[in-house]
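Note sheet for the following structure.
The values are calculated or read from the model by the stated rules, or taken from the named source; none is laboratory data. All of these numbers come straight from a predicted model, not from anything done at the bench. Counting neighbours? That spans all protein chains shown, and the Cβs are built from the backbone with ideal geometry, glycine included.
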């Protein structure tokens, strides 16, 4: 795998997950996620909503789906399809309510196309995403132990 400045590595309780971020699709979302990663925002955050055959959601500092970093992002909807491995921004009813929460699709979820901001795709470790404990809420949830940009020096 080639590491770029847009390669995000999530060290999860199930193993590493590599996401190639797509600033060509969602430049503001990618920039904000990079900021949050570098601040350590995602370290220790749980996968709070995990639905079999659909997706695993994370990024809430409260572990409940009710919080974020406090900075809302304007939607950057794009033509990229929601398929297995897609990383996309979670949001409330308002299209411009994305913040820090995101989800990774287990399977095709094309009904989400053009309604959620796709910002990346899992390139390695999808088998580890598949192992994340399911639930709404998840009992004893898996979490992101550490998130880092691959190009950054430790």
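Only one entry of 114, 78 meets the criterion of being part of a loop (DSSP other than H, G, I, E, B) and at positive phi, and that entry is 114.
Considering (1) in contact (Cβ under 8 Å) with a residue 12 or more places away in the chain; (2) assigned to a loop (DSSP other than H, G, I, E, B), the lone condition that residue 146 does not fulfil carries the number (2). Which condition breaks for residue 62 when tested against (1) in contact with a strand residue (DSSP E or B) (Cβ under 7 Å, 6 or more places away or on another chain); (2) at pLDDT 95 or above; (3) outside any strand (DSSP E or B); (4) within 16 Å of residue 48 (Cα to Cα)? Status for residue 62: all satisfied but (1).
Give the number of residues within the stretch 20-44 that are in a loop (DSSP other than H, G, I, E, B) and buried (at least 22 other Cβ atoms within 10 Å of the Cβ).
Kept after step one, since they are in a loop (DSSP other than H, G, I, E, B), are these residues of the stretch 20-44: 22-26, 40-44.
Adding the requirement that they be buried (at least 22 other Cβ atoms within 10 Å of the Cβ) leaves 26, 42.
Final tally of qualifying residues: 2.
Test of understanding: among 84, 91, which residue is touching a helix residue (DSSP H, G or I) at 6+ places or on another chain (Cβ under 8 Å), crowded, with 17+ Cβ neighbours inside 10 Å, at pLDDT 95 or above and assigned to a loop (DSSP other than H, G, I, E, B)?
Numbers: 84 fails: crowded, with 17+ Cβ neighbours inside 10 Å.
The conditions single out 91.
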